[in-house]
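K.L.:
Take this structure, written in structure tokens, and hold onto it; I'll ask about it next.
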Amino acid sequence: MRAVRLAASGELAMTEIDQPTPGDGELLVKVDACGLCGTDRHIVDGEYPSAAPVTLGHEFGGEVVRADGASSIAVGARVTVDPNITCGVCEQCRAGRVSFCPDLTALGVQRDGGLAEYVAVPEQQAYELPPEVPATHAAFCEPLACCLRGLDLAGIEPGGSVAVLGGGVIGQLMVQLARLAGATTVVLSTRQRARRELAERLGATATIDPTANDPIAAIEGPAGLAPGGVDVVLECAGVAETFRQSLAMTRRGGTVVVFGVAPQAALVEVSPFEIFARELRIQGSYLNPLTHGRAAAMVASGVLELDALVSKELSLAEVPATLSVPPGQGDVKYLVRPAS
Ligand SMILES: [Zn+2]
Ligand SMILES: [Zn+2]
């Protein structure tokens with residue numbers, strides 16, 4: 001079968017390998033769709049630890065084509081896969097903090113993932129989707145599950161105000177989730193015009209071009225969209241500048257959710273007095289602990305607009321070249337269809 005394999009840092013290629021043989025308690029899944037994301041680029045560049053040689057792809061779903069006799073998921077079922085496998089017995093796992101499991105391994109990072117025609121998946125990582133859900137939507141469950149973690153920690157209240165910084169797929173999902181959570185002011189700030197227009201279609205009540213206007217003044221200034229600041233900022237860009245903006249545009253007593261993945265070495269100067277006197281809550285959000293089932297339920301319900309987030313569908317053969325250059329202007333999500 002065909003698979004996109006990382007041989008070593010910087011060495012990504014589509015190669016022909018044997019179809020995996022599922023072990024005890026594992027399913028063989030024929031991959032319908034697998035999303036590409038920024039993490040894949042970091043893995044290829046060696047900026048994110050992986051266990052090469054390995055097949056990449058951690059945002060995927062497909063059809064179960066083999067299951068062992070004891071499986072509760074039948075052959076023919078459509079599933080979405082939580083790629084993060086935890087041990088279940090360590091202190092963190094037993095306390096429900098599974099994303100901090102020291103033995104966490106991920107499909108598509110440390111073991112073979114979904115950028116292939118077939119993938120072997122531990123059954124407990126699979127969540128069934130109804131057959132009528134479009135095959136491409138299964139690939140959104142993983143990023144959505146991460147967003148749900150961030151949303152759980154954000155504490156958005158109905159009638160509240162939210163700023164989303166960053167207009168990639170995470171920002172576009174967050175805009176929709178913030179509206180569903182009842183926020184009545186949802187402002188998205190991003191440089192790319194196509195992404196601002198998309199966010200407005202998906203429910204943003206306003207958007208800001210940070211290259212044309214100071215986003216801090218545009219939000220918390222006296223004539224801004226939320227004078228005094230927003231209740232919650234969802235930082236989804238992962239750069240020092242947007243983190244700085246987040247602190248300044250949050251109202252007193254408000255919350256900043258640090259969701260975007262900043263470079264590990266990035267540093268930002270902050271004022272402890274500001275955090276103290278304005279009672280800011282600065283909250284990290286890491287991975288998708290125990291949220292994949294809810295993400296699958298949301299995707300199955302059809303409540304989210306996902307088709308508009310797909311910028312391009314690719315074959316496996318197109319992946320190495322696609323990941324070797326930055327995403328195209330205005331593009332949000334690339335989906336790989338291994339059967340194509
Ligand atoms: Zn990802
Ligand atoms: Zn553990």
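Each reported figure results from applying straightforward, stated rules to the coordinates on display, with no laboratory input. Only a predicted model underlies this, so the values are computations on that prediction, with no experimental measurement involved. Methodologically, a virtual Cβ is constructed for each residue, glycine included, from the backbone with ideal geometry; neighbour enumeration extends over all protein chains shown.
K.L.:
Return the distance in nm (one decimal) between the two label points of a simple spin-label model at residue 252 and residue 322, each offset 7 Å from Cα along Cα→Cβ.
P.N.:
4.9
K.L.:
Hey, quick one: spin label on residue 24, modelled 7 Å out along Cα-Cβ, who in the stretch 71-89 has an amide N within reach, i.e. under 14 Å?
P.N.:
Taking a point 7 Å out along Cα→Cβ of residue 24, the residues of the stretch 71-89 whose backbone N falls under 14 Å are 71.
K.L.:
Taking 56 Å as R0, compute the FRET efficiency from the Cβ-Cβ separation of residue 48 and residue 223 and round it to 0.05.
P.N.:
The value I calculate is 0.85.
K.L.:
Further question: Sorted from largest down, give the three principal axis spans of the alpha carbons of the chain, whole angstrom values.
P.N.:
Rounded to whole Å, the extents work out to 63, 42, 40 Å.
K.L.:
So what is the calculated 222 nm ellipticity per residue for the chain, using -39500 (n - 2.57) for each DSSP H run with n of 4 or more, over all residues, to the nearest 500 deg cm²/dmol?
P.N.:
Taken over the chain, the calculation gives -7000 deg cm²/dmol.
K.L.:
Ok, one more. Can you tell me, using C-alpha contacts under 8 Å and at least 6 residues apart, the relative contact order of the stretch 146-284 as a whole percent?
P.N.:
Over the stretch 146-284, the number comes to 22 percent.
K.L.:
Can you give the FRET efficiency to the nearest 0.05 for residue 128 and residue 303, using r as the Cβ-Cβ distance and R₀ = 25 Å?
P.N.:
My answer for the efficiency is 0.90.
K.L.:
Using the per-residue mean of other Cβ atoms lying within 10 Å as a proxy for protection, in what order, highest first, do the peptides 126-137, 241-252 fall?
P.N.:
Order by mean packing, descending: 241-252, 126-137.
K.L.:
Might you report the magnitude of the Cβ-based charge dipole of the stretch 146-284 about its Cα centre, with Lys and Arg at +1 and Asp and Glu at -1, to the nearest 20 debye?
P.N.:
240
K.L.:
OK, next. Tell me the Rg and the Dmax, in Å, that the Cα atoms of the stretch 181-251 produce.
P.N.:
Taking only Cα atoms of the stretch 181-251, I get Rg and Dmax of 11.3, 30 Å.
K.L.:
Can you tell me what the convex hull of the Cα atoms of the stretch 63-216 projects to on average, as an area in nm²?
P.N.:
12.0
K.L.:
Still on this structure, please answer the following. Report the Cα centroid-to-centroid distance between the stretch 291-337 and the stretch 161-183 in angstrom, as an integer.
P.N.:
17
K.L.:
Convert 37 °C to kelvin, take the viscosity as 0.692 mPa s, use the Kirkwood radius over C-alpha pairs of the stretch 146-284 as Rh, and evaluate the Stokes-Einstein diffusion coefficient in µm²/s, rounded to a whole number.
P.N.:
Reported coefficient: 227 µm²/s.
K.L.:
What Kirkwood hydrodynamic radius, in Å, does the stretch 7-85 give when the mean of 1/r is taken over all pairs of distinct Cα atoms and then inverted?
P.N.:
Averaging 1/r across every pair of different Cα atoms and inverting gives 14.2 Å.
K.L.:
A further question follows. Between the alpha-carbon centers of the stretch 255-287 and the stretch 1-74, tell me the distance in whole angstrom.
P.N.:
Taking the Cα centre of the stretch 1-74 as reference, the centre of the stretch 255-287 is 33 Å away.
K.L.:
Sorted by mean Cβ packing within 10 Å, highest first, what order do the peptides 110-118, 276-284, 213-221 take?
P.N.:
Order by mean packing, descending: 110-118, 213-221, 276-284.
K.L.:
Pull up all non-local amide H partners of residue 27: gap of 5 or more, or a different chain, and H-to-H distance under 5 Å with H placed in the peptide plane.
P.N.:
Long-range HN contacts for residue 27: 121, 123.
K.L.:
Sorting check: for 166-177, 196-207, which peptide has the highest mean count of neighbouring beta carbons within 10 Å, and how do the rest follow?
P.N.:
Highest to lowest by the protection proxy: 166-177, 196-207.
K.L.:
Between residue 87 and residue 13, what is the label-point separation in nm under the 7 Å Cα-to-beta-carbon projection?
P.N.:
Label-label distance for residue 13 and residue 87, simple model: 3.7 nm.
K.L.:
Could you compute the FRET efficiency for residue 279 and residue 157, with r as their C-beta to C-beta distance and R0 at 22 Å, rounded to 0.05?
P.N.:
The formula returns an efficiency of 0.85 here.
K.L.:
Another one. Per residue of the stretch 244-256, in order, report the coupling 6.51 cos²θ - 1.76 cosθ + 1.60 (Karplus, θ = phi - 60°) as ³J(HN,Hα) in whole Hz, putting x for Gly and Pro.
P.N.:
Once θ is set to phi - 60°, the couplings for the stretch 244-256 become 4, 4, 4, 4, 7, 9, 8, 5, 4, x, x, 10, 10 Hz.
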